[in-house]
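Colleague: What follows is a structure written as structure tokens; I'll ask about it next.
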Amino acid sequence: MNDMLPRLVVFDLDFTLWDCGGTWCDCLSPPFHTCESQILDSDGQQVRLYDDALAILDRCDDRKIPMALASRTQQPTWARELVERLGVATEDALLVSVLSSAPRGQL
């Protein structure tokens, strides 16, 4: 079997790569902080990667598959901060491309 790999893998953020307690990252309340290895917003809402997210990112990285992040967030600055705090962005492994576009429900 031919071991064909994708040219690029794009991960959505909310409800795909991370869990913000059942909401979108732009519904959180910054500033964000770290407390006992947990990323929390100012209301104590935790943001965490889904259990298999790092393993999937590592597998793509090991196979030299370029990766990108995409989001329809209305708060791309918050999303970028969370990406950095969660440790999923490195200079050579992950291209961070957080996009803001049409509001939810209009696609």
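The values are calculated or read from the model by the stated rules, or taken from the named source; none is laboratory data. Worth saying up front: this structure is predicted, and the values here are computed from it rather than measured. Cβ: placed from backbone, ideal geometry, glycine included. Neighbour counts: every protein chain shown.
For (1) crowded, with 16+ Cβ neighbours inside 10 Å; (2) free of Cβ contacts under 8 Å to residues at least 40 places away in the same chain, each residue gets a yes or a no:
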residue: 4; (1), (2): no, yes
residue: 13; (1), (2): yes, no
residue: 18; (1), (2): yes, no
residue: 42; (1), (2): no, yes
residue: 54; (1), (2): no, yes
residue: 63; (1), (2): no, no
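Colleague: Could you pull out the residue among 28, 40 that is under 14 Å from residue 83 (Cβ atoms) and modelled with pLDDT of 90 or more?
Modeller: Details: 40 fails: under 14 Å from residue 83 (Cβ atoms).
Exactly one residue qualifies, and that residue is 28.
Matching residues to (1) at pLDDT below 90; (2) in contact with a Leu (Cβ under 8 Å, 6 or more places away or on another chain); (3) not basic (Lys, Arg):
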site: 6; (1), (2), (3): no, no, yes
site: 10; (1), (2), (3): yes, yes, yes
site: 20; (1), (2), (3): no, yes, yes
site: 33; (1), (2), (3): no, yes, yes
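Colleague: Any residue in the stretch 70-85 that's surrounded by fewer than 20 Cβ atoms within 10 Å (Cβ to Cβ) and at pLDDT below 90: show its pairings with residues that are part of a helix (DSSP H, G or I) and of a type outside the set (S, T, N, Q) at Cβ separation under 8 Å, as long as the two are six or more apart or on different chains.
Modeller: 74/26; 75/25; 75/26
Colleague: Look at residue 89 and say whether it is within 11 Å of the chain's Cα centre (by Cα), surrounded by 14 or more Cβ atoms within 10 Å (Cβ to Cβ), modelled with pLDDT under 90 and in a loop (DSSP other than H, G, I, E, B).
Modeller: On the way: within 11 Å of the chain's Cα centre (by Cα): yes; surrounded by 14 or more Cβ atoms within 10 Å (Cβ to Cβ): yes; modelled with pLDDT under 90: yes; in a loop (DSSP other than H, G, I, E, B): yes.
Against the criterion (within 11 Å of the chain's Cα centre (by Cα), surrounded by 14 or more Cβ atoms within 10 Å (Cβ to Cβ), modelled with pLDDT under 90 and in a loop (DSSP other than H, G, I, E, B)), residue 89 qualifies.
Colleague: Okay, moving on. Tally the residues that are touching a Phe, Trp or Tyr at 6+ places or on another chain (Cβ under 9 Å) and among the hydrophobic types (A, V, I, L, M, F, W, C), restricting the search to the stretch 27-59.
Modeller: 9
Colleague: Take the stretch 20-29 and flag every residue that is on the phi < 0 side of the Ramachandran plot and surrounded by fewer than 14 Cβ atoms within 10 Å (Cβ to Cβ). First the steps, then the outcome.
Modeller: Step one: of the stretch 20-29, the residues on the phi < 0 side of the Ramachandran plot are 20, 23-29.
Selection gives 23, 29.
Colleague: Still on this model: Considering only residues of the stretch 28-79 that are in a strand (DSSP E or B) and among the aliphatic types (A, V, I, L, M), which is nearest to residue 6 (Cα to Cα)?
Modeller: So the residue we want is 67.
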